[in-house]
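This report refers to the structure that appears directly beneath it.
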């Protein structure tokens, strides 16, 4: 158990430091946004580019990881949609709850955890998580929110196309495409350039945790508690449970061979709290209060759930 705490303590110490610095006024909310922009636009793209460009794409895109995580994520969307419907939430609250239950923070929280728990595969796991989440899971959730939007001034089709275009413009997606082209075409990249992207990648873990901790300090704590509680339960418990079941079925049916390390990474990735921009998406639809409550609760309670999962899986 001491070894497990050795993984999670640095994570939550950095989170706490970010929270403390904003609370004490050492960092302002603007500083945190700037640091977050640095991680999102430079550090994570550098990490993704280095991970893909320096490896054979077959080594990166492993079916043993991609299929269970993708199928588990889509099934979780369906289960969350059903559960929020049974609770009687209106379409927009339901869509906001589904996003909170489904989209984990693997860029800012998951990667630092993987870096400490599974350093050899941390970069690959982050890349695969971001590909699946950014290309499939997040767009599905955004489409549910757009479909529930009462504003019909803009037709649904153009709104959905805007989601696709915004995903394509993301720095992480551009880094992914660039890395794939370099790897597939065997483009020679000078060693100093890889050292540059490695330097950016090395800063991603610590800075991202400071950003998450600082962001929590400014969250409003008023909102729909029932929605927040169900989203938190869905994110920390139901989502990883579904991914674990899907992985177990794939192995039992002889469809995939999943190593213990990959299995642990799959379940832990699904068990991360909500992604950093969840409250921003919810704010655009008027439900930032519930999203903030869910984000704060999930981030705090994940200390318990992640320690438990690490103890069982490692």
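General remarks:
- Residue 302 meets each of the listed conditions (1) more than 18 Å from the chain's Cα centre (by Cα); (2) within 15 Å of residue 15 (Cβ to Cβ) apart from (1).
- Selection of the range 18-32 for residues being within 19 Å of the chain's Cα centre (by Cα) and either farther than 18 Å from residue 299 by Cα or surrounded by fewer than 14 Cβ atoms within 10 Å (Cβ to Cβ) (or both) yields an empty set.
- Once the range 189-210 is narrowed to residues that are within 18 Å of the chain's Cα centre (by Cα) and modelled with pLDDT of 85 or more, the residue that is surrounded by the most Cβ atoms within 10 Å (Cβ to Cβ) is 210.
- Only a single item in (1) more than 22 Å from residue 123 (Cα to Cα); (2) more than 15 Å from the chain's Cα centre (by Cα); (3) surrounded by fewer than 24 Cβ atoms within 10 Å (Cβ to Cβ); (4) modelled with pLDDT under 90 is not met by residue 280, and it is number (2).
Condition check ((1) in contact with a strand residue (DSSP E or B) (Cβ under 9 Å, 6 or more places away or on another chain); (2) over 26 Å from residue 288 (Cβ atoms)) across all residues:
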{"position": "109", "(1), (2)": "no, no"}
{"position": "119", "(1), (2)": "no, yes"}
{"position": "129", "(1), (2)": "yes, no"}
{"position": "135", "(1), (2)": "no, no"}
{"position": "138", "(1), (2)": "no, no"}
{"position": "157", "(1), (2)": "no, yes"}
{"position": "163", "(1), (2)": "no, no"}
{"position": "170", "(1), (2)": "no, no"}
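- Yes/no for residue 305 being over 18 Å from residue 245 (Cβ atoms), part of a helix (DSSP H, G or I) and touching a residue at least 24 places away in the same chain (Cβ under 8 Å): no
- Scope the range 18-32; condition part of a helix (DSSP H, G or I) and touching a helix residue (DSSP H, G or I) at 6+ places or on another chain (Cβ under 6 Å); matching residues: 18, 19, 22, 23, 32
- Just one of the listed residues (44, 15, 35) is crowded, with 16+ Cβ neighbours inside 10 Å, at pLDDT below 85, touching a helix residue (DSSP H, G or I) at 6+ places or on another chain (Cβ under 6 Å) and under 21 Å from residue 277 (Cβ atoms), namely 44.
- Any hit, the range 106-120, residues being over 15 Å from residue 268 (Cβ atoms) and under 14 Å from the mean Cα position of the chain (by Cα): no
- Residue 87 being out of contact with any strand residue (DSSP E or B) (no Cβ under 7 Å at 6 or more places or on another chain), surrounded by fewer than 21 Cβ atoms within 10 Å (Cβ to Cβ), at negative phi and in contact (Cβ under 8 Å) with a residue 60 or more places away in the chain: yes
For every residue, the table says whether it meets (1) surrounded by fewer than 16 Cβ atoms within 10 Å (Cβ to Cβ); (2) modelled with pLDDT under 95; (3) in a helix (DSSP H, G or I).
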| position | (1), (2), (3) |
| --- | --- |
| 49 | no, yes, yes |
| 58 | yes, yes, yes |
| 101 | no, no, yes |
| 111 | no, yes, yes |
| 114 | no, yes, yes |
| 119 | yes, yes, no |
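- Residue within the range 262-280 that is free of Cβ contacts under 8 Å to residues at least 40 places away in the same chain and out of contact with any helix residue (DSSP H, G or I) (no Cβ under 6 Å at 6 or more places or on another chain) present: yes
- Residue match in the range 249-264 (condition: modelled with pLDDT under 95 and in contact with a strand residue (DSSP E or B) (Cβ under 6 Å, 6 or more places away or on another chain)): no
- Qualifying positions in the range 246-265 - assigned to a loop (DSSP other than H, G, I, E, B) and surrounded by 24 or more Cβ atoms within 10 Å (Cβ to Cβ): none
- Qualifying position, being within 15 Å of the chain's Cα centre (by Cα), within 16 Å of residue 314 (Cβ to Cβ) and either in a helix (DSSP H, G or I) or modelled with pLDDT of 95 or more (or both), among 268, 236: 268
The values are calculated or read from the model by the stated rules, or taken from the named source; none is laboratory data. The model shown is predicted, which means the values in this text are computed figures rather than measured ones. Please note: Cβ atoms are built from the backbone with ideal geometry, for glycine as well, and neighbour counts cover all protein chains shown.
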